[in-house]
Amino acid sequence: MKQVIALSVLFLLVATVAASGCIGRSSTALTSSKSTQTIIRTTGATFPMYQIQKWIKIYQSSHPNVKIEYQGGGSGYGQETFLKGLTDIGRSDPAVSAEMWKKFLSTGDQPLQFPEIVGAVVVVYNVPGIGTGLRLSRTVLAKIFLGEIQYWDDPSIKSLNPSLKLPHKRIIVIHRSDASGTTKIFTTYLSLISSEWAKKVGAGLVVNWPVDRLGRGLAGKGNPGVVAILKNTPYSIAYTELSYAIKDNLTVAALQNKAGNFVLPTNTTIKSAVLAIKSYIPSPTEGYKENLTQLLDAPGKNSYPIVAFTHLLVWENKDGKHYSKEKAEAIKAFLEWIFTEGQKPQNLAPGYVGLPKEVAEIGLKAVDMIKT
């Protein structure tokens, strides 16, 4: 009997130890799974927001050990957080200035900047009763944003749109309130097509809008803020990124291009513009040399005039200055996916156009430069 009890106790002891061992391995495995999840933080431009969100969703579904956090805030915010090391990947629509590039270099690391996707800045409007079909010439567009054309039924607008019943209502102009790459692109374009705009206002992430002084300007934070105000403000006009116009079902104006034709932003008209300007993209190690004026108002009868790249900012990571080995490897894998699988039509969000092969290869070569 004592023998039986002893064996029973021994059996229970072994079982307990075995179970304890199993629990220990399971717990270790769970801990290991969590500890090996690499977090990649990216901040900046809202121009590519819907595209970034789609890429992240697709990529994370097949890479559970990587968590990618995206925060917008505008191109200026993306550059600042990148400089301060608060983000792993910065995103900026316009190229970084030479002054900011020097600040990046002062960290002791080499910044890399290169295009990640193609988008278009569009002019959208909320004018009850006229529907689609509004056409705006280069002169008229600049004068509207200068505040010189006050009413929707101004003769200069009516002559371009004889079939539209334009109302005698004041034009409300909506623009960004924050440091914005979309604003930089749009105001650079206005400076190209209007010497008056270039002289009185100029181009920048933030500008002094003449319509504000006239009491007909409204400001929204980010592209979402601009869109929200436009939708709730009859007789208004604004600029935003094409993907926002598609998502929110906004009415887009046809703009006069360099060849004199009125074109809408489509895959065909955007690609036509990109093919005309791809030779102007600088080396990733000299990204600040990109000249936005060379990329806008592209030649070609079918080219949409306000097409621009949105850019990635990453570090070369000299001596592990900014990224651990694990993080550098995760960033490289994610970016390599963006420039290959991510450029395929099924992985593009509405309103974005994939990079031509030659441009995507610039990105792949830049990714190879990141040190692990």
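The values are calculated or read from the model by the stated rules, or taken from the named source; none is laboratory data. Worth saying up front: this structure is predicted, and the values here are computed from it rather than measured. Don't worry about glycine lacking a Cβ; one is built from the backbone with ideal geometry, like all the others, and counts go over all protein chains shown. Calculation scope for accessible area: heavy atoms of the full protein, side chains included, ligands and nucleic acids excluded. Shrake-Rupley method; radii C 1.70, N 1.55, O 1.52, S 1.80 Å.
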Given backbone amide H placed at 1.01 Å from N, residues whose amide H is under 5 Å from that of residue 67, ignoring those fewer than 5 places away on the same chain, are 38, 39, 40
Between residue 153 and residues 5 or more places away or on another chain, the pairs with built amide H atoms under 5 Å apart involve 169
Going residue by residue through segment 242-257, the Karplus relation 6.51 cos²θ - 1.76 cosθ + 1.60 with θ = phi - 60° gives ³J(HN,Hα) values, rounded to whole Hz and with x marking Gly or Pro, of 3, 4, 5, 5, 5, 4, 9, 6, 8, 8, 10, 7, 7, 9, 7, 8
Computed ³J(HN,Hα) along segment 185-191: with the Karplus parameters 6.51/-1.76/1.60, θ = phi - 60°, integer Hz and x for glycine or proline, the list is 5, 5, 6, 5, 4, 4, 5
With -39,500 (n - 2.57) per DSSP H segment of 4 or more residues and division by the full residue count of the chain, the 222 nm estimate, nearest 500 deg cm²/dmol, is -13000 deg cm²/dmol
In the chain, taking the dipole from +1 charges on Lys and Arg beta carbons and -1 charges on Asp and Glu beta carbons about the Cα centre, the listed residue (352, 282, 228) farthest towards the positive end is 228
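Within the chain, what whole-number % of the accessible surface is contributed by carbon and sulfur, with the 1.4 Å probe and all protein chains included in the calculation?
Values: 9150 of 16680 Å².
The value for the chain is 55 percent carbon and sulfur by accessible area.
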Segment 267-358: relative contact order from alpha carbon pairs under 8 Å, six or more residues apart, as a whole percent, is 25 percent
Expressed per residue, the solvent accessible area of segment 173-233 in Å² (1.4 Å probe) is about 41 Å²
Given unit charges at Cβ for Lys, Arg (+) and Asp, Glu (-), the dipole magnitude of the chain about its Cα centre in debye, nearest 20, is 520 debye
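Among 231-243, 196-208, how do they line up from the highest to the lowest mean number of other beta-carbon atoms within 10 Å?
Working: 231-243: 21.6, 196-208: 16.0.
Top of the packing list down: 231-243, 196-208.
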Cβ-Cβ cut-off under 14 Å around residue 179, Lys and Arg +1, Asp and Glu -1: the net charge is +1
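State whether segment 160-216 is rounded, prolate or oblate according to the following rule on the C-alpha gyration tensor (a ≥ b ≥ c being the square roots of its eigenvalues): a/c under 1.5 gives rounded; otherwise a/b larger than b/c gives prolate, and the remaining case gives oblate. If you can, show how the numbers build up before the last one.
Working: a/c = 2.03, a/b = 1.59, b/c = 1.28.
Here segment 160-216 falls in the prolate category.
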